[in-house]
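The values are calculated or read from the model by the stated rules, or taken from the named source; none is laboratory data. Please read these numbers as outputs of a predicted model, since none were measured by experiment. Methodologically, a virtual Cβ is constructed for each residue, glycine included, from the backbone with ideal geometry; neighbour enumeration extends over all protein chains shown. For accessibility, only protein heavy atoms count, side chains too; no ligands or nucleic acids. Shrake-Rupley method; radii C 1.70, N 1.55, O 1.52, S 1.80 Å.
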Amino acid sequence: MGTVLPAAAGPDCKRFRSPRGEHVLVVPFSQIYDLPGDSAETWDADPERAARSLAELSRARPGEVPLGEVHVPAPQSLSLNVSQACNLACGYCYAGRGSFGGRQTTPMSLATALEAVDALLRDGDAAAPFTVGFLGGEPFVNRALIHKVVAYGSQRAAERGLDVRYSVTTNGTLLEEGDLELMRSHRFAVTVSIDGDSAIHDRQRPAAHAARGSWSELVARIRPLLASPGRAQVAARATITRDGLDLRRIFAALRAVGFRDIGFAPLRRAADSAGAFTAADWPRYLGELEALAREQLARLRAGEPLSFANLAIALKQLERGAASPYPCGAGGGYFSVASDGTWYACHRAIGDPAFALGTSRGLSAEARQSFLAQRHVERQTDCVRCWARYLCSGGCHQEAPARSAASCDFIRGWLEFCLAAYAEYGADFHARHSRSVA
Ligand code: SF4
Ligand code: SF4
């Protein structure tokens with residue numbers, strides 16, 4: 001399938017500096033080069049010569065999909081919206097506690113879930129890993145279905161020699177010992193929504209039907225899994241609001257609970273609009289991220305693994321030369337299935353016809369092609385001129401309407417920090433994380 005977009009008008013390189021010297025990022029395919037001796041001066045003084053070098057360095061290599069092409073891959077990963085309800089009442093929830101504003105009114109049935117798993121395993125690339133994820137609402141409201149789907153997926157995987165993995169995003173407050181055992185005994189990526197210490201978390205994530213927070217319950221139930229994860233990989237993901245920007249305090253609280261993979265997501269849009277970032281918050285957030293990153297880089301140099309996911313993910317991407325015209329797999333390799341069986345490009349778009357691309361009986365090739373062509377980063381007016389376009393990729397499609405000069409300055413500032421950190425600490429990072437990078 002091929003739509004090829006016109007060549008991007010944006011810069012093809014980004015010069016940057018680190019304590020180790022002068023460097024350049026070649027924007028297509030994110031290659032980083034040192035510019036030793038007087039080569040930095042030559043590069044800056046002779047744009048025509050630099051352009052010739054760039055033309056050579058920017059070419060797709062064997063196996064790389066040209067970045068201007070709209071490529072429609074096989075579905076490889078899906079999330080099942082198994083529950084339309086939640087026991088918490090977080091003001092910023094994008095899913096309306098699972099009901100998506102009345103567009104998802106029933107929990108998912110087992111038949112719908114198994115039909116979706118069968119379709120994924122039928123249509124995906126059997127040589128690559130599959131991921132089946134569970135979302136809600138709070139997915140463990142529909143605990144029995146999760147256990148049955150994992151048993152079914154694992155049985156199908158064993159019969160057909162497939163690599164099937166699982167993921168779940170949970171508020172953690174309903175977890176039982178049997179759930180922990182399920183996660184320990186499978187390759188389960190467990191993302192726990194936890195926003196900081198009890199004061200911050202309880203303010204942002206209160207119980208739905210009682211005047212109390214959820215921190216104590218969550219911590220009591222997740223600690224046994226953190227202490228003994230088995231095959232599960234457990235990560236904390238904190239939503240950062242404009243009222244709680246002390247990232248080092250939040251990070252320290254989550255380390256104290258026992259998390260070793262801690263990431264932050266700034267609140268760009270909120271259902272109740274309280275706490276969403278304004279233009280003035282982005283520079284403060286960048287300053288906080290960088291201060292925490294400097295602390296963690298010093299620990300990396302001392303031989304510790306990086307627990308700060310935003311930084312670890314950025315360094316990993318730079319190490320492997322990650323470059324994509326899309327911020328995520330939405331509508332490409334990734335889909336989210338609503339309880340009525342419709343496949344949407346993204347879990348935040350349940351009930352939105354612009355994101356509905358088919359069912360377990362078949363996806364619309366035309367709708368996928370059109371969805372991906374419209375969202376290609378080179379089709380986004382601001383992004384096409386931006387040096388960060390294949391690293392940022394335009395950001396989450398759901399959050400694109402909240403894009404602003406301030407939020408883009410933040411993204412470029414953070415990437416520039418990470419580029420310099422990679423140039424300075426790349427060897428330490430590789431030594432400590434090479435097994436996961438490989
Ligand atoms: S969203 Fe902003 S930072 Fe990202 S590629 Fe587009 S213009 Fe650049
Ligand atoms: S569109 Fe946004 S929320 Fe949806 S999968 Fe992509 S990054 Fe995630």
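State yes or no: is Ala210 open to solvent by 40 Å² or more (accessible area, probe 1.4 Å), in a helix (DSSP H, G or I) and free of Cβ contacts under 8 Å to residues at least 12 places away in the same chain? No: the conditions fail for Ala210. So, of the residues in the range 21-52 that are surrounded by fewer than 17 Cβ atoms within 10 Å (Cβ to Cβ) and of a type in the set (Ser, Thr, Tyr), which turns out to be nearest to the chain's Cα centre (by Cα)? Result: Tyr33.
Assess whether Gly263 counts as being open to solvent by 10 Å² or more (accessible area, probe 1.4 Å) and touching a helix residue (DSSP H, G or I) at 6+ places or on another chain (Cβ under 6 Å). Judged against the criteria, Gly263 is not a match. Tallying residues that are touching a Ser or Thr at 6+ places or on another chain (Cβ under 7 Å), open to solvent by less than 40 Å² (accessible area, probe 1.4 Å) and either more than 16 Å from ligand 2 (Cβ to nearest atom) or part of a helix (DSSP H, G or I) (or both) within the range 341-368 yields 2.
In the range 404-416, of all residues being open to solvent by 40 Å² or more (accessible area, probe 1.4 Å) and part of a helix (DSSP H, G or I), the one that is nearest to Gln31 (Cα to Cα) corresponds to Glu416. Within the bounds of the range 311-323, is there any residue that is within 16 Å of ligand 2 (Cβ to nearest atom), modelled with pLDDT of 95 or more and touching a Phe, Trp or Tyr at 6+ places or on another chain (Cβ under 9 Å)? Among the residues of the range 311-323, at least one is within 16 Å of ligand 2 (Cβ to nearest atom), modelled with pLDDT of 95 or more and touching a Phe, Trp or Tyr at 6+ places or on another chain (Cβ under 9 Å), which makes the answer yes.
How many residues, within the range 222-249, are closer than 17 Å to Asp281 by Cα and either within 20 Å of the chain's Cα centre (by Cα) or of a type outside the set (Lys, Arg) (or both)? Final tally of qualifying residues: 9.
Among the residues of the range 123-168, those identified as assigned to a helix (DSSP H, G or I) and aliphatic (A, V, I, L, M) are Val141, Ala144, Leu145, Ile146, Val149, Val150, Ala151, Ala157, Ala158. Scanning the range 218-249 for residues that are in a helix (DSSP H, G or I) and in contact with a Leu (Cβ under 9 Å, 6 or more places away or on another chain) turns up Leu218, Arg221, Ile222, Pro224, Leu225, Leu247, Arg248. Yes or no: Ser83 polar (S, T, N, Q) and without any contact (Cβ under 8 Å) to a residue 40 or more places away in the chain? Considered against the rule, which asks whether it is polar (S, T, N, Q) and without any contact (Cβ under 8 Å) to a residue 40 or more places away in the chain, Ser83 comes out as no. Checking each residue in the range 221-245 for being closer than 17 Å to Ser307 by Cβ and charged (D, E, K, R) picks out Arg223, Arg237.
Checked against the criterion of being more than 16 Å from ligand 2 (Cβ to nearest atom) and at pLDDT below 95, the candidates Phe417, Phe410, Phe429 yield just one match: Phe429. Could you check, for the range 393-403, whether at least one of its residues is modelled with pLDDT of 95 or more, more than 16 Å from ligand 2 (Cβ to nearest atom) and part of a loop (DSSP other than H, G, I, E, B)? No, there is no match, as no residue in the range 393-403 is modelled with pLDDT of 95 or more, more than 16 Å from ligand 2 (Cβ to nearest atom) and part of a loop (DSSP other than H, G, I, E, B). Here Ala113 qualifies as more than 19 Å from the chain's Cα centre (by Cα) and surrounded by 23 or more Cβ atoms within 10 Å (Cβ to Cβ). Looking across the range 116-168 at every residue that is within 19 Å of Ala232 (Cβ to Cβ) and among the β-branched types (Val, Ile, Thr), the one that is most open to solvent (accessible area, probe 1.4 Å) is identified as Thr131. Taken as a whole, the range 75-91 holds at least one residue that is within 27 Å of Glu378 (Cβ to Cβ) and either in a loop (DSSP other than H, G, I, E, B) or modelled with pLDDT under 90 (or both). Restricted to the range 381-398, and to residues there that are open to solvent by 40 Å² or more (accessible area, probe 1.4 Å) and touching a helix residue (DSSP H, G or I) at 6+ places or on another chain (Cβ under 9 Å), the residue that is farthest from ligand 1 (Cβ to nearest atom) is Cys396.
When the range 399-438 is filtered for residues that are more than 8 Å from ligand 1 (Cβ to nearest atom), polar (S, T, N, Q) and touching a residue at least 12 places away in the same chain (Cβ under 8 Å), the ones remaining, listed by number, are Ser404, Ser436.
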